[in-house]
Amino acid sequence: MYMVQMGRPESTIERQERPMRHSTRVVIVGAGGAGSATAVAVARAAPEVEVIVLGAEGRAPYNRTTVNKGLLSGAVDDAGVALPGMDGLGIDWRTATVARSLHAAGPAVELADGRWLGADVVVLATGAPPRGPCPPPSRRACPTGS
Ligand SMILES: Cc1cc2nc3c(=O)[nH]c(=O)nc-3n(C[C@H](O)[C@H](O)[C@H](O)COP(=O)(O)OP(=O)(O)OC[C@H]3O[C@@H](n4cnc5c(N)ncnc54)[C@H](O)[C@@H]3O)c2cc1C
């Protein structure tokens, strides 16, 4: 997870009205475990901060480790993989919302539809694809997709 923290965004890049009660906006890119935990921690510690989470997936954040340890076997249902404790904190969860680029000097995040989202702090929590070992005799990690 990477965090880019810069000065306040210029109004030229801001495309959305900021509610009056929020003096600071944190935009978190990635709605996996890391992004979700970060959002909850910030919202709990600083309720006055506006927290926006951008997630590429079209559903609420979920616990991936439960998928192969319960969901596939039928031991838990879809609701059972939901991450707990995320409601009621005023977090702006934006599903099916892909970030296309980061303007670090803004800072601001460009969305896939071309809109820009200004922020005071941007947290990059986009995860990483897994890498497995190459087949013998090489013990090096194979490139992604191998
Ligand atoms: C089936 C399964 C079982 C697992 N079991 C275990 C286990 O038992 N123990 C263990 O330690 N680990 C386990 N893992 C691994 C663990 O789930 C990962 O280490 C963890 O999910 C990583 O969390 P993350 O938030 O860093 O990344 P991710 O979970 O990968 O989340 C990143 C999120 O960012 C989003 N994203 C990426 N790019 C963009 C973008 N440009 N714009 C918007 N959103 C974007 C992605 O859609 C994704 O939702 C398991 C993983 C899986 C899939």
*Which condition number in (1) within 16 Å of Thr24 (Cα to Cα); (2) among the hydrophobic types (A, V, I, L, M, F, W, C); (3) surrounded by fewer than 17 Cβ atoms within 10 Å (Cβ to Cβ); (4) in contact with a helix residue (DSSP H, G or I) (Cβ under 6 Å, 6 or more places away or on another chain) is the one that Val76 fails?*
(1)
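Listed residues Arg115, Arg94; which is touching a Gly at 6+ places or on another chain (Cβ under 9 Å) and not small (Gly, Ala, Ser)? Steps first, please.
Values: Arg115 fails: touching a Gly at 6+ places or on another chain (Cβ under 9 Å).
Result: Arg94 is the single residue among Arg115, Arg94 that is touching a Gly at 6+ places or on another chain (Cβ under 9 Å) and not small (Gly, Ala, Ser).
If you scan segment 89-101, which residues turn out to be touching a strand residue (DSSP E or B) at 6+ places or on another chain (Cβ under 6 Å) and either at pLDDT below 95 or part of a loop (DSSP other than H, G, I, E, B) (or both)?
Of all residues in segment 89-101, those touching a strand residue (DSSP E or B) at 6+ places or on another chain (Cβ under 6 Å) come to 91-94, 97, 99-101.
The answer is Ile91, Thr97.
Can you work out which of the residues in segment 89-106 that are within 12 Å of the ligand (Cβ to nearest atom) and among the charged types (D, E, K, R) is surrounded by the most Cβ atoms within 10 Å (Cβ to Cβ)?
My answer is Arg94.
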*Restricting to segment 110-122, what's the tally of residues that are surrounded by 14 or more Cβ atoms within 10 Å (Cβ to Cβ) and farther than 15 Å from Thr38 by Cβ?*
5
*In segment 57-88, which residues are more than 23 Å from the chain's Cα centre (by Cα), within 9 Å of the ligand (Cβ to nearest atom) and assigned to a loop (DSSP other than H, G, I, E, B)?*
Leu72
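Counting only residues that are assigned to a loop (DSSP other than H, G, I, E, B) and closer than 15 Å to Glu50 by Cα, which one in segment 112-127 is farthest from the ligand (Cβ to nearest atom)?
Step one: list which residues in segment 112-127 are assigned to a loop (DSSP other than H, G, I, E, B), which gives 112-115, 119-120, 125-127.
Adding the requirement that they be closer than 15 Å to Glu50 by Cα leaves 119-120.
Numbers: Ala119: 14, Asp120: 19 Å.
This residue is Asp120.
For segment 43-56, enumerate the residues that are outside any strand (DSSP E or B) and either more than 13 Å from the ligand (Cβ to nearest atom) or in contact with a Lys or Arg (Cβ under 8 Å, 6 or more places away or on another chain) (or both). I'd like the intermediate steps shown before the answer.
Going through segment 43-56, the residues outside any strand (DSSP E or B) turn out to be 43-48, 55-56.
Result: Ala43, Arg44, Ala45, Ala46, Pro47, Glu48, Gly55.
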_Options Val109, Val40: the member that is closer than 17 Å to Ala125 by Cα, in contact (Cβ under 8 Å) with a residue 24 or more places away in the chain and away from the ligand (no atom under 11 Å from the Cβ)_ = Val40
*What number of residues in segment 66-104 are within 16 Å of Ala125 (Cβ to Cβ) and β-branched (Val, Ile, Thr)?*
4
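The values are calculated or read from the model by the stated rules, or taken from the named source; none is laboratory data. Being a predicted model, the structure only gives us computed values, none of them experimental. Note that we place each Cβ from the backbone using ideal geometry, even for glycine, and neighbour counts take in every protein chain shown.
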